[in-house]
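A.B. asks: Submitted below is the structure of interest, expressed as structure tokens.
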Amino acid sequence: MSDIATAGLVVIGNEILSGKVVDVNSAYLSKELNALGMPLLRITTIGDDFAEIGAVVRQFSEAYTWVFTSGGIGPTHDDITIPAIAAAFGVAAVAHPALEEPIRRHYGARLTEDHLLMALVPEGSELLPVPGLYHPQVKFHNVFILPGVPQLFQAKFAGIKERFRGRPVVLRELFLKADEGAIAGSLRQTAEQYPGVLIGSYPDFFKRDYSVKITLEAHEAGEVDEATAYLRERLLALAVPIVRTT
């Protein structure tokens, strides 16, 4: 693995691939990790396929410092994330007493054997308490196994997020009245001059006051500010109107 901590996200569920459910967890996690200074390098979406879930999570585990999964940990027949991950790592999926007890307490007389499937974890998992939730977060090696329900996904990540805090990302934005093709050369020159700054260009055809948003981001504020000033000079030389900066 790289010396710089990195992350990958595996989104699991046929409902995501078919469009029956919209994936909002990817956007949420991307923003959260970026704000924490943790680069999310890859997001992949796969279906409820036992072998593929295990293979992809194992691959991500070897490629990134931290891995997050979304979905497939409920009590129904298609919730196979836990046993699939366990099999891929060569361990059993076992009932954890610290999960089973709060599940029994939560459901009480409504408890079924299927509810207890949510007490399964890959053998050797660590349980992390999450403030405000009866069900702790499962961590297996470097993999955080999260639910697919957005409210639960967000609540669980919020409870563990501080462990991923790194160097914050500094962001600068330029809002232009311009055509992307006319400014592409200036963007390229700036990217070449400041390779440590991530530069993005995002057109918007429906905004009245601007048509392109440019973002510049890096961990060092001085480097971002230098790159922003460098780009501004080139845009002004082209007589490109800069509506505002943030």
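A.B. asks: Not counting the cut sites, what is the longest span of the chain without trypsin sites (Lys or Arg not before Pro) that DSSP labels loop and that have at most 13 other Cβ atoms within 10 Å?
C.D. replies: That would be 21-164.
A.B. asks: Sequence neighbours fewer than 8 away in the same chain don't count; with that in mind, list the lysines whose C-alpha is under 20 Å from LYS31.
C.D. replies: Within reach: LYS156, LYS161, LYS213.
A.B. asks: Still on this structure, please answer the following. Considering all projection directions equally, how large on average is the shadow of the alpha-carbon convex hull of the chain, in square nanometres? List each step's numbers first, then the result.
C.D. replies: Details: hull surface 63.8 nm².
Projected area, direction-averaged: 15.9 nm².
A.B. asks: What residue among ALA109, ALA87, ALA227 shows peak mean-square fluctuation when the chain is described by a Gaussian network model with Cα springs under 10 Å?
C.D. replies: ALA109
A.B. asks: Which net charge results for the neighbourhood of HIS141, defined as the other residues with beta-carbon distances under 11 angstrom from its beta-carbon, given Lys and Arg at +1 and Asp and Glu at -1? Before the final figure, lay out each step's value.
C.D. replies: Working: positive: ARG58, LYS139; negative: GLU62, GLU126.
Spelling it out: positives minus negatives among the neighbours equals 0.
A.B. asks: Where both partners of a DSSP beta bridge lie in the chain, what percent of those bridges are antiparallel, to the nearest 5? Walk me through the numbers before you get to the answer.
C.D. replies: Working: 25 of 40 bridges.
Around 60 percent antiparallel, to the nearest 5.
A.B. asks: Out of PRO75, PRO168, PRO203, any idea which swings most in a Gaussian network model of the chain, alpha carbons joined below 10 Å?
C.D. replies: The residue that fluctuates most here is PRO203.
A.B. asks: May I pose another question? Treating the angle as unsigned and between 0 and 90°, give the value, to the nearest 10°, between the Cα long axis of helix 50-63 and the longest Cα principal axis of the chain.
C.D. replies: 50
A.B. asks: Quick one: what do you get for segment 78-148 if you divide its Cα Rg by 2.2 N^0.38 Å?
C.D. replies: Working: Rg = 12.0 Å, N = 71, 2.2 N^0.38 = 11.1 Å.
Compactness ratio reported: 1.08.
Coordinate-derived values only; no laboratory data. Everything numeric in this text was worked out from a predicted model, so none of it was measured. Because the Cβ atoms are built from the backbone with ideal geometry, glycine has one as well, and the counts that use them run over all protein chains shown.
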